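Here is the structure we will look at.
The values are calculated or read from the model by the stated rules, or taken from the named source; none is laboratory data. Only a predicted model underlies this, so the values are computations on that prediction, with no experimental measurement involved. Note that we place each Cβ from the backbone using ideal geometry, even for glycine, and neighbour counts take in every protein chain shown. Remember, those area values only see protein heavy atoms, side chains included, never the ligands or the DNA or RNA. Shrake-Rupley method; radii C 1.70, N 1.55, O 1.52, S 1.80 Å.
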Amino acid sequence: MFPTLRELGKYVAKYPFVPVSLAIPVHKSELDKLIAYFSQQTDFLYLDGGKHSLGNYSYFVIEPTASLKLLDGKLKITKSKQSQTQSIEPHQYLTKLLQHYQQPLIAGMPPFSGGLIGYFSYEYTKYFQNHVHFH
């Protein structure tokens, strides 16, 4: 486990969340079995992180905190199987969300150690890119 429990103590006062990494070497056939098993679960996402200068990483997201979907200017937020739809500026919402879940950058951690995971559709561009005008 990295960082160690002792090292985690350095971050407790300043950050509400601290990433922890556990390296588990997995053979391709075992990985296929894990993906097949978790794919049968309700809330699961697998991302093959590919090879980086720091190593080869895969990410399993099991029971995420929330699911966000933006459609026609309305943001649908699902937490614990409860959904609510809001007319809200999504970029400001995501910025505040990332600030709430802020984590320290720890040398030696994988390239991604927590935050938002998934994808952004083309529609999100009009909220993120203020200098692009849509008609």
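Scanning for something open to solvent by less than 70 Å² (accessible area, probe 1.4 Å) and under 12 Å from the mean Cα position of the chain (by Cα), does the range 71-93 turn up at least one residue? Checked the range 71-93: no residue is open to solvent by less than 70 Å² (accessible area, probe 1.4 Å) and under 12 Å from the mean Cα position of the chain (by Cα).
Being part of a loop (DSSP other than H, G, I, E, B) and either of a type in the set (Ser, Thr, Tyr) or surrounded by 11 or more Cβ atoms within 10 Å (Cβ to Cβ) (or both) is the requirement here; does residue 11 meet it? Answer is yes for this residue.
Checked against (1) modelled with pLDDT under 85; (2) surrounded by 13 or more Cβ atoms within 10 Å (Cβ to Cβ); (3) small (Gly, Ala, Ser), residue 53 passes all but condition (2). Does residue 21 meet the test of being more than 28 Å from residue 127 (Cα to Cα), open to solvent by less than 80 Å² (accessible area, probe 1.4 Å) and in contact with a Phe, Trp or Tyr (Cβ under 6 Å, 6 or more places away or on another chain)? Here the answer is yes, as residue 21 does meet what is asked. Which pairs have Cβ atoms under 7 Å, sit 6 or more apart or on different chains, and link a residue in the range 89-107 that is closer than 17 Å to residue 65 by Cβ to one that is polar (S, T, N, Q) and surrounded by 14 or more Cβ atoms within 10 Å (Cβ to Cβ)? If the second residue must be polar (S, T, N, Q) and surrounded by 14 or more Cβ atoms within 10 Å (Cβ to Cβ), the pairs left are 103/113. For residue 3, the test of being surrounded by 13 or more Cβ atoms within 10 Å (Cβ to Cβ) and more than 17 Å from the chain's Cα centre (by Cα) is passed. Where strands (runs of 3 or more DSSP E) fall wholly inside the range 15-121, the ranges with 2 or more residues that are touching a helix residue (DSSP H, G or I) at 6+ places or on another chain (Cβ under 9 Å) are 44-52, 55-62, 67-71, 74-79.
Scoring residue 117 on the criteria (1) in contact (Cβ under 8 Å) with a residue 40 or more places away in the chain; (2) over 26 Å from residue 32 (Cα atoms) leaves a single failure, condition (2).
Residue-by-condition table, conditions (1) at pLDDT below 85; (2) among the β-branched types (Val, Ile, Thr):
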| site | (1), (2) |
| --- | --- |
| 11 | no, no |
| 19 | no, no |
| 25 | yes, no |
| 41 | yes, no |
| 47 | yes, no |
| 58 | yes, no |
| 77 | no, yes |
| 82 | no, no |
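Among the residues of the range 44-80, those identified as of a type in the set (D, E, K, R), out of contact with any strand residue (DSSP E or B) (no Cβ under 7 Å at 6 or more places or on another chain) and on the phi < 0 side of the Ramachandran plot are 51, 79.
Can you find, within the range 56-70, the residue that is farthest from the chain's Cα centre (by Cα) among those that are over 28 Å from residue 129 (Cβ atoms) and open to solvent by less than 90 Å² (accessible area, probe 1.4 Å)? Looking at the filtered set, the residue picked out is 57.
Using the structure shown, decide if residue 122 is among the aromatic types (Phe, Trp, Tyr) and either at pLDDT 75 or above or touching a Pro at 6+ places or on another chain (Cβ under 6 Å) (or both). Criteria not met by residue 122.
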